[in-house]
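Engineer: Structure provided below as structure tokens; questions to follow.
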Amino acid sequence: MESSTHYRLLQAGFVLALLLLALTALVPMLSANWVNAAASQREQIVGQMEDMQVMLSGLKDAETGTRGYLLTGREEYLQPYYQGTERSSELQAQLDRQFADDATLAPRMRELRNLVKALREYQSRMIASRQRKSSGDSPEFHDISQGKLNMDRIRVTVAEASAILSVRQASIAAEQRSRERLVSLAVLLITSLDGALFATLLWQIFRAMRERLAVAHELQALSERAQLTADNLEEHNYQMAILSRMSSALQVCVDSEEFFGVVGKYAHQLFPAHAGAIYAYHPSRGLLERMVSWLSPASDTQLFEPQQCWAIRRGQIHEVADSGKAPVCQHLQHEAPGAYLCLPLMAGGEPVGILYLEAPAGAEEPFPIGLRQLANALAEQVALAVTNMNLRENLRRQSIVDALTGLYNRRFLDETLQRELTRANRLSAPLSVVMLDVDHFKRFNDTHGHEAGDLVLRQIAQFMQKALRGSDLACRFGGEEFTLIMPETTPENAQTKCEELREQVSLLTIRLGGKPLPAVTISMGIASSPQHADRAEELIQAADAALYRAKHQGRNRVEVAGGDAAIASTSA
């Protein structure tokens with residue numbers, strides 16, 4: 001009876017052990033789906049956030065292309081517009097489907113859709129208007145500020161949607177960790193029950209425990225990997241936020257000094273343990289010049305030739321983990337650190353500079369893969385921003401410089417004269433304006449040809465640039481007329497300087513095709529503030545009236561304005 005009971009107990013224990021073993025085997029399988037469901041949701045949210053950023057990037061490309069085309073009229077700027085529009089449209093449609101039933105995000109997606117629609121209508125309208133201008137129709141004013149305003153609204157909407165998704169992602173991450181803890185607790189409970197049956201089912205329990213131990217190790221490893229992934233994701237989000245702030249700041253920099261100062265500050269945040277520097281091409285394109293550095297790198301090279309850097313030669317990253325086992329760039333031969341990397345800043349397939357990083361001394365892994373990826377992301381953004389900055393500077397220069405003479409044009413003259421007058425009034429200092437005209441220029445053109453006339457204008461312009469003070473400004477007023485602005489110069493001093501210029505111009509020898517051209521002379525009229533006028537328009541009128549008097553009194557002479565009479569003669 002007792003043995004039968006014991007046998008039944010053993011049977012029951014065996015069955016229970018089998019059930020426990022079966023449960024031990026099922027728990028990881030069942031819990032894996034449960035835990036992975038949360039992970040899948042997180043991955044889906046990450047994908048949605050990335051799609052939003054890619055869509056925003058496409059809209060940025062389209063806006064950049066639109067602005068480039070509006071400013072220049074060049075068809076190649078429409079390529080990024082079409083590509084960005086197509087890419088952002090596909091992602092927007094995909095996001096609309098995903099959030100169609102989402103009560104929180106659906107309104108924002110509708111708002112985003114309306115903003116994008118308005119932006120595209122604006123871009124299409126502006127491009128069509130610019131195309132009509134290019135074909136010879138009446139020119140229209142292209143207000144590019146509306147495109148920027150639309151993009152700012154889109155960025156705000158995308159940022160709000162991304163913030164909502166980030167909150168959801170954090171909530172799902174917490175739920176995932178909670179599920180993992182519950183699974184671990186269940187495994188521990190099963191292990192405890194198996195221990196109670198150890199005396200009667202030693203072999204079965206021993207085998208079950210080994211299996212459960214393996215499962216526990218696997219779950220622990222999975223938990224550690226998940227935690228590591230979460231930490232890496234958090235660090236990645238932090239880095240992307242820094243890059244985003246840097247990109248926004250670079251778009252509004254007014255000059256290269258401010259531009260590279262911003263790059264240096266954000267690069268220091270991205271690489272707090274790695275000293276480094278940014279090099280960009282010198283205007284001569286024959287040298288690379290250090291524009292900014294951080295953490296005092298061991299290399300103090302300020303200028304070097306492009307072929308001295310392996311990264312520029314190869315057009316790809318050049319990493320040296322041990323300077324004794326890899327070729328060292330020539331610009332570091334005398335001060336090479338233990339480990340460094342040079343990363344070319346590539347834009348349109350051409351290098352515009354390099355990113356240089358030094359590894360800290362004693363680092364086991366000088367440049368881990370995550371750091372190299374971050375360096376690539378920084379290099380791409382800086383290269384694109386450098387290209388955009390250079391384009392803005394070139395467009396600005398083209399808008400204020402006369403193409404024939406290289407002098408500033410009438411537009412720049414109007415802006416500068418008003419500014420200099422304000423400064424002169426504030427300092428109670430004199431300011432003189434000179435109107436200069438080439439004598440008998442039309443007859444010279446008709447006799448010797450437009451090529452000779454253009455050459456004369458260029459030679460006179462070059463001569464004035466060399467002869468004037470650094471504070472003086474020479475501009476082409478129009479045709480054969482030039483205007484000189486002389487800050488802190490009295491009428492008497494201006495007249496003395498103009499007499500020197502007049503005499504030296506008459507002595508110029510200008511050759512065309514190896515043959516000397518006839519000598520040319522100039523006439524000049526001078527007006528000064530505050531003696532002759534206080535306003536820019538009146539000052540130019542007074543100087544022009546003095547020039548008119550010089551022309552009618554025999555040319556090749558300098559005349560000073562005579563006050564109200566000079567202005568009146570011009571009006572007459």
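Engineer: Might you report the magnitude of the Cβ-based charge dipole of region 268-366 about its Cα centre, with Lys and Arg at +1 and Asp and Glu at -1, to the nearest 20 debye?
Structural biologist: On the way: 5 positive and 10 negative charges, 59 e Å.
About 280 debye.
Engineer: Another question about this same structure. Quick test of the membrane-span-like rule: which DSSP H helices of the chain reach at least 15 Å along their long axis (C-alpha atoms) with mean Kyte hydropathy at least -0.5?
Structural biologist: Numbers: long enough: 2-72 (102 Å, 0.35); 78-98 (30 Å, -1.46); 105-134 (43 Å, -0.97); 145-196 (77 Å, 0.23); 202-250 (71 Å, -0.21); 256-270 (21 Å, -0.06); 369-400 (47 Å, -0.01); 410-427 (25 Å, -1.20); 450-467 (25 Å, -0.17); 491-506 (22 Å, -1.48); 536-552 (24 Å, -0.24).
Flagged H segments are 2-72, 145-196, 202-250, 256-270, 369-400, 450-467, 536-552.
Engineer: In the full protein assembly as shown, how much of residue 126 is accessible to a 1.4 Å probe, in Å² to the nearest 10?
Structural biologist: Answer for residue 126: close to 20 Å² accessible.
Engineer: As an exercise, identify the trypsin sites (Lys or Arg not before Pro) in region 302-389 lying in DSSP coil whose Cβ has no more than 15 other Cβ atoms within 10 Å. Don't skip to the end; give the middle numbers.
Structural biologist: Details: sites: 313, 314, 325, 372; in loops: 325.
Sparse-neighbourhood loop trypsin sites (Lys or Arg not before Pro): 325.
Engineer: So what are region 42-182's ellipsoid semi-axes, whole angstrom, largest first, if each one is the square root of 5 times an eigenvalue of the alpha-carbon gyration tensor? Intermediate results must be reported in sequence, preceding the final value.
Structural biologist: Details: eigenvalues 288, 34, 24 Å².
So the three semi-axes of region 42-182 are 38, 13, 11 Å.
Engineer: While we're on this one: Which far-off residues, 5 or more places away or on another chain, put their amide H under 5 Å from the one on residue 489, with H placed in the peptide plane?
Structural biologist: Counting only residues 5 or more places away or on other chains, the set is 431, 432.
Engineer: Next up: Would you mind telling me the share, in percent, of accessible area of region 245-286 contributed by carbon and sulfur at probe 1.4 angstrom?
Structural biologist: Working: 1100 of 2030 Å².
Using a 1.4 Å probe with all protein chains present, region 245-286 comes out at 54 percent carbon and sulfur.
Engineer: Let me ask another. Considering all alpha-carbon pairs of the chain, what whole percent are spaced by more than 35 angstrom? Please report the intermediate quantities before stating the final value.
Structural biologist: Numbers: 103576 of 163306 pairs.
When all Cα pairs of the chain are counted, 63 percent exceed 35 Å.
Engineer: Report the net charge of residues surrounding residue 339, where surrounding means a beta-carbon distance below 13 angstrom and charges are Lys +1, Arg +1, Asp -1, Glu -1. Don't skip to the answer; put the middle values down first.
Structural biologist: Details: positive: 325, 372; negative: 319, 322, 358, 364, 365.
Here the charged neighbours net out to -3.
Engineer: Per residue, how much accessible area does region 65-189 show when a 1.4 Å probe rolls over the protein heavy atoms, in square angstrom?
Structural biologist: Values: 6950 Å² over 125 residues.
Computed with neighbouring chains in place, this is 56 Å² per residue.
Engineer: Ignoring ligands and nucleic acids, what accessible area does residue 322 show with a 1.4 Å probe (Å², nearest 10)?
Structural biologist: 70 Å²
Engineer: Once neighbouring chains are kept in place and the probe is 1.4 Å, which whole percent of the accessible area of region 438-572 is contributed by carbon and sulfur?
Structural biologist: Values: 3110 of 6660 Å².
For region 438-572, the apolar C and S fraction of the accessible surface comes to 47 percent.
Engineer: Over region 344-446, give the accessible area per residue in Å² for a 1.4 Å probe, as an integer.
Structural biologist: Working: 5130 Å² over 103 residues.
Here the per-residue accessible area is 50 Å².
Engineer: While we're looking at this one, here's another question. How much area per residue is accessible in region 475-545 when the probe is 1.4 Å and only protein heavy atoms are counted (Å²)? Before the final figure, lay out the partial values.
Structural biologist: Details: 3140 Å² over 71 residues.
It amounts to 44 Å² per residue over region 475-545.
Engineer: For a test of understanding, tell me how many lysine pairs in the chain have Cα atoms under 27 Å apart, given they are 8 or more places apart or on different chains.
Structural biologist: So the count works out to 16.
Engineer: While we're on this one: Ignoring ligands, DNA and RNA, what percent of the accessible area of region 354-397 is carbon or sulfur (1.4 Å)? Walk me through the numbers before you get to the answer.
Structural biologist: Working: 1160 of 2240 Å².
On region 354-397, the fraction of accessible area on carbon and sulfur atoms equals 51 percent.
Engineer: Normalized C-alpha radius of gyration of region 390-547, against 2.2 N^0.38 Å? Show your work: numbers first, answer last.
Structural biologist: Numbers: Rg = 16.0 Å, N = 158, 2.2 N^0.38 = 15.1 Å.
Expressed relative to 2.2 N^0.38 Å, the Cα Rg reads 1.07.
The values are calculated or read from the model by the stated rules, or taken from the named source; none is laboratory data. Not measured: the values here are computed from a predicted model. No Cβ is skipped: glycine too gets one built from the backbone with ideal geometry, and neighbour counts run over all protein chains shown. Areas reflect the complete protein model, heavy atoms only, side chains present, ligands, DNA and RNA absent. Shrake-Rupley method; radii C 1.70, N 1.55, O 1.52, S 1.80 Å.
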